[in-house]
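Asks: My questions all concern the structure below.
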Amino acid sequence: MADDPITRLQAFWNGRYAAPDFAYGEAPNEFLVEQLARLPAGGAVLCLADGEGRNGVWLAGRGFAVTSLDIAEAGLAKARQLAAKRGVAVATVLADVTAFDLGHERWDAIVSIFLHLPARPRAALHARCIGALRPGGVFVFTAYTPEQLALGTGGPKEPELLPTLAEIEADFAGCAIEHRFAGRRRVVEGRLHDGDAAVAELVARKR
């Protein structure tokens with residue numbers, strides 16, 4: 001149905017990724033790069049809402065078995081294009097992150113880079129992520145916080161999509177928190193993330 005929220009969301013992201021350039025660039029997120037040593041070497045990694053594949057392809061180039069999940073086929077097509085350009089293999093899955101079966105103790109790491117959801121589906125997704133991680137597995141998260149609205153350098157304009165660090169930490173109660181940060185960070189990624197940003201960062205390891 002045309003008025004279905006998922007259909008609208010899919011149309012939005014397919015439209016965003018329709019241009020020949022990469023909306024957020026081809027380079028991986030800087031925070032993800034900084035966390036590389038925390039990821040189990042050669043492990044199975046799920047990249048949530050991986051868009052055009054910049055993060056998943058980079059991880060595949062470092063020896064991980066990567067699955068890139070996204071709601072937009074246009075993004076996944078460009079992810080496959082980027083993987084071919086880099087000479088790496090990435091499995092792509094067209095799915096809604098809020099409904100996709102993540103499996104049980106299937107992944108060594110799950111990566112969530114600028115995936116913004118309302119509080120309830122976000123918390124539900126994170127609970128499923130914990131179940132889907134193998135013991136010792138790592139969840140790597142960064143997103144814009146409410147303070148980002150005043151900066152205007154990227155991200156959603158809807159306050160309900162912008163979590164605080166405390167909210168993200170609460171989602172991962174029971175996990176070992178290896179990194180937490182809330183504050184300013186320069187984010188320059190393609191044409192849509194450009195400048196000083198207010199972000200939350202979290203790295204949680206399943207016990």
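Please treat every number below as a calculation from the coordinates, not as lab data. Quick caveat: nothing in here was measured; it's all calculated off a predicted structure. Using ideal geometry, Cβ is built from the backbone for each residue, glycine included, and neighbour counts are taken over all protein chains shown.
Asks: Pull up the cross-link candidates among the aspartates and glutamates for residue 85, meaning alpha carbon to alpha carbon under 16 Å and not fewer than 8 places away within one chain.
Replies: List returned: 21, 26, 52.
Asks: Treating only the Cβ atoms of Lys and Arg (+1) and Asp and Glu (-1) as charged, compute the dipole magnitude of segment 5-205 about its Cα centre; round to the nearest 20 debye.
Replies: Working: 21 positive and 23 negative charges, 65 e Å.
Once rounded to the nearest 20, the dipole reads 320 debye.
Asks: Quote the FRET efficiency, to the nearest 0.05, computed for residue 34 versus residue 11 with a Förster distance R0 of 35 Å and r equal to the Cβ-Cβ distance.
Replies: Working: r = 34 Å, r/R0 = 0.97.
Given R0 = 35 Å and the Cβ-Cβ separation, E is 0.55.
Asks: To continue, here is another question. Quick one: work out the % antiparallel among DSSP beta bridges in the chain, nearest 5.
Replies: Details: 20 of 38 bridges.
Bridges in the chain that DSSP calls antiparallel: roughly 55 percent.
Asks: Right, next: Scan around residue 92 for amide H atoms under 5 Å from its own, H built in the peptide plane at 1.01 Å from N, and keep only partners 5 or more places away or cross-chain.
Replies: Placed amide hydrogens put 68 under 5 Å from residue 92.
Asks: When the helices in the chain are scored as -39500 (n - 2.57) per DSSP H run of 4 or longer and the sum is shared across all residues, what 222 nm value do you end up with, to the nearest 500 deg cm²/dmol? Mind dumping the intermediate values first?
Replies: Details: 6 runs with 59 residues, N = 207.
Computed ellipticity for the chain at 222 nm equals -8500 deg cm²/dmol.
Asks: Return the loop-located trypsin sites (Lys or Arg not before Pro) in segment 1-97 (DSSP other than H, G, I, E, B) with at most 16 other Cβ atoms within 10 Å of their own Cβ; answer none if there are none.
Replies: Working: sites: 8, 16, 38, 54, 62, 78, 80, 85, 86; in loops: 62.
Of the trypsin sites (Lys or Arg not before Pro), the ones in loops of segment 1-97 whose Cβ has at most 16 other Cβ atoms within 10 Å are 62.
Asks: Spelling out what I want: for every residue of segment 185-198, take phi, set θ = phi - 60°, compute 6.51 cos²θ - 1.76 cosθ + 1.60 (Karplus), and round to whole Hz; glycine and proline get x.
Replies: Ordered by residue, 3J(HN,Hα) equals 8, 7, 10, 10, 9, x, 8, 10, 10, 8, x, 4, 9, 9 Hz.
Asks: Take every Cα-Cα pair in the chain and report what % of them are more than 31 Å apart.
Replies: On the way: 2330 of 21321 pairs.
Considering the chain, 11 percent of its Cα-Cα pairs are separated by more than 31 Å.
Asks: Now a separate question. On full extension of the chain, what length is gained from residue 207 through residue 124, given 0.36 nm per residue of separation minus the C-alpha to C-alpha distance?
Replies: Working it through step by step, the gained length comes to 28.0 nm.
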